[in-house]
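Colleague: Can you keep this structure in mind? I'll have questions shortly.
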Amino acid sequence: MDFSVSEKMQTILGMIDEFVDKELIPLEPEFLTTPSTSLLPLFEEKRKLVRQMELWAPNHRKEYGGMELNLMEHALVSESLGRSPLGHYIFGCQAPDAGNIEILHQFGSEAQKEKYLRPLVDGKIRSCFSMTEVELPGSNPVMMDTTAVKDGDDYVINGQKWYSSSADGSEFAIVMAVTNPEAGRYMQASMIIVPTDTPGFNLVRNIPVMGHAGEGYFSHAEILYQNCRVPQANLLGAEGHGFVIAQERLGPGRIHHCMRWIGICNRAFDLMVARARDRIIAPDRKLAGKQIIQSWIAECAADIQAARLMVLHAAWMIENVGKKEARKEISLIKFVVANVMQKVVDRALQVHGGLGMTDDTILAFYYRHERAARIYDGADEVHKISVAKRILKEYEGKRVR
Ligand SMILES: Cc1cc2nc3c(=O)[nH]c(=O)nc-3n(C[C@H](O)[C@H](O)[C@H](O)COP(=O)(O)OP(=O)(O)OC[C@H]3O[C@@H](n4cnc5c(N)ncnc54)[C@H](O)[C@@H]3O)c2cc1C
């Protein structure tokens, strides 16, 4: 495997690293203490600079104004942007829009592309993905109560969703709803585009997550769909193909998430090492002199490097062998990287002592918000079971001595 980074990518990554350091990290104290919606003008200024540098929407297609980097290239960009919670948003490649953009590209009609995809890639609007339900297990989403029933030229949607990330302020939601209850388990649901100003789209609340409800892009909503009527033309892809399309959304999305988490690891690691070097714990003694801290530094460095190589390998597998063939690798990185991130952020916070618990560094934000990484996009346990089943199958009929 070739680990060299092309000259083009070295230049791009250098520019992004510098931008994150000079323009985004200095914004974080304000971001941590001010509602993010009141910072939108400031965010727009930064986005303008990104566009001027021609670094906007690195993973999206050129015809829509993106850079069209391939998966491996965008993985490296995602790592760099992950060093600040503002990175992906300011560069126009944030979840859940990035995933919605992918599926609108692949499955959207020309009219849907003009109306929703173009302004979404442009950063003029935002969107959310509304699948998980309050009363049913997100880990087994084929259990779904939300229905979309045909009535004339429309679908009428009823159901209760939650954790529709970034719904607050979104222009539209892509909603998973049962349209074909008589079909096989995986062919019952469809994806339907629902503009958020449709009567019957009721944003009940932004859910407090680890004590913070957030707002705007940085929030997760509970939504009640009550006789929410949209034209049948808002169906995305074929009827009953909701889960087929959802699968398409997952592979590359996991690479983006995991590399963003590696970026978080890198940031937390930098802060940990710097603090250990600076903190005086006794006259003439620094924290970094303690073997237990040295052991944490070494362990975290090893864990980050191993996790990073696993993600790059999974990205390489997707690009060179295929998404389907890379399913084991994609599941492996999901739980490995989420756990490495949790460990590294926790160790960094511990090294900072009381300071780590405050919002005077970014660590407490990461600690609060990134715990969810072990739950969304498939909980650890679900991925472990899936990996184990694949491995057990690989061993079927194998003679091992
Ligand atoms: C911050 C955040 C953002 C999210 N964003 C979105 C979004 O934008 N759109 C959206 O639709 N959803 C979103 N989700 C929802 C997410 O996809 C679900 O929370 C996830 O799928 C788990 O579903 P659940 O919460 O219903 O837990 P459950 O399915 O009830 O599972 C609970 C726990 O049970 C265990 N478990 C589950 N199944 C198994 C199994 N087969 N074997 C062993 N153990 C098992 C796991 O430990 C799991 O954590 C988000 C969630 C969070 C926390």
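Colleague: Among what's in the range 199-238 and is in contact with a Leu (Cβ under 8 Å, 6 or more places away or on another chain) and over 22 Å from ALA111 (Cβ atoms), pick the residue that is most open to solvent (accessible area, probe 1.4 Å).
Modeller: That would be VAL204.
Colleague: Collect the residues in the range 184-198 that are in a loop (DSSP other than H, G, I, E, B) and exposed (fewer than 15 other Cβ atoms within 10 Å of the Cβ), keeping them in residue-number order.
Modeller: Across the range 184-198, the qualifying residues are GLY184, ASP197.
Colleague: Wholly within the range 7-93, which helices (runs of 4 or more DSSP H) include no fewer than the required count, namely at least 1 residues that are of a type in the set (A, V, I, L, M) and over 24 Å from TYR366 (Cα atoms)?
Modeller: Once the helices (runs of 4 or more DSSP H) in the range 7-93 are filtered for at least 1 residues that are of a type in the set (A, V, I, L, M) and over 24 Å from TYR366 (Cα atoms), what remains is 7-19, 40-52, 71-81.
Colleague: Here is a list of conditions, (1) modelled with pLDDT of 95 or more; (2) touching a helix residue (DSSP H, G or I) at 6+ places or on another chain (Cβ under 7 Å); (3) open to solvent by less than 20 Å² (accessible area, probe 1.4 Å), and HIS60 meets all of them except one; can you say which number that is?
Modeller: (1)
Colleague: So is PHE107 within 13 Å of the ligand (Cβ to nearest atom) and open to solvent by 10 Å² or more (accessible area, probe 1.4 Å) or not?
Modeller: No, not satisfied.
Colleague: Does the range 184-215 hold any residues that are in contact (Cβ under 8 Å) with a residue 24 or more places away in the chain and out of contact with any strand residue (DSSP E or B) (no Cβ under 9 Å at 6 or more places or on another chain), and which are they?
Modeller: ARG185, TYR186, MET187, MET210, GLY211
Colleague: Hey, could you check the range 339-380 for residues that are within 11 Å of the ligand (Cβ to nearest atom), assigned to a helix (DSSP H, G or I) and free of Cβ contacts under 8 Å to residues at least 60 places away in the same chain and say which is farthest from HIS220 (Cα to Cα)?
Modeller: The selected residue is ASP380.
Colleague: Are any residues in the range 168-183 within 15 Å of the ligand (Cβ to nearest atom) and either part of a loop (DSSP other than H, G, I, E, B) or open to solvent by 40 Å² or more (accessible area, probe 1.4 Å) (or both), and if so, which ones?
Modeller: Selection gives ASP168, GLY169, SER170.
Colleague: Among (1) part of a helix (DSSP H, G or I); (2) away from the ligand (no atom under 16 Å from the Cβ); (3) free of Cβ contacts under 8 Å to residues at least 60 places away in the same chain, which single condition is GLY397 missing?
Modeller: Here GLY397 meets the rest and fails (1).
Colleague: Another question, then. When residues of the range 87-97 are filtered for being hydrophobic (A, V, I, L, M, F, W, C) and surrounded by fewer than 24 Cβ atoms within 10 Å (Cβ to Cβ), how many remain?
Modeller: Residues in the range 87-97 being hydrophobic (A, V, I, L, M, F, W, C) and surrounded by fewer than 24 Cβ atoms within 10 Å (Cβ to Cβ): 1 in total.
Colleague: Where residues in the range 319-337 are assigned to a loop (DSSP other than H, G, I, E, B) and surrounded by 15 or more Cβ atoms within 10 Å (Cβ to Cβ), which of them is modelled with the lowest pLDDT?
Modeller: It comes out as LYS323.
Colleague: Pairs only if they're at least six apart or on different chains, beta carbon under 6 angstrom, first in the range 120-146 and free of Cβ contacts under 8 Å to residues at least 40 places away in the same chain and of a type in the set (S, T, N, Q), second near the ligand (Cβ under 9 Å from one of its atoms) and part of a loop (DSSP other than H, G, I, E, B); list them, first residue then second.
Modeller: Sorted first by the residue in the range 120-146, then by its partner, the pairs are THR132/GLY138.
Colleague: Moving on to the next point. Looking only at the range 128-142, decide whether some residue is more than 12 Å from the ligand (Cβ to nearest atom), of a type in the set (Ser, Thr, Tyr) and over 15 Å from the mean Cα position of the chain (by Cα).
Modeller: No, every residue in the range 128-142 fails to be more than 12 Å from the ligand (Cβ to nearest atom), of a type in the set (Ser, Thr, Tyr) and over 15 Å from the mean Cα position of the chain (by Cα).
Colleague: Considering only residues that are in a helix (DSSP H, G or I), in contact with a Leu (Cβ under 7 Å, 6 or more places away or on another chain) and either open to solvent by 30 Å² or more (accessible area, probe 1.4 Å) or more than 30 Å from LEU71 (Cβ to Cβ) (or both), which ones fall in the range 278-318?
Modeller: ILE293, MET310
The values are calculated or read from the model by the stated rules, or taken from the named source; none is laboratory data. The shown structure was predicted, so the numbers you read here are calculated from the model rather than taken from an experiment. With ideal geometry, Cβ positions are generated from the backbone for all residues, glycine too; neighbour counts draw on all protein chains shown. Ligands, DNA and RNA are stripped out before the accessible areas are found, and what is left, the full protein with its side chains, is counted by its heavy atoms. Shrake-Rupley method; radii C 1.70, N 1.55, O 1.52, S 1.80 Å.
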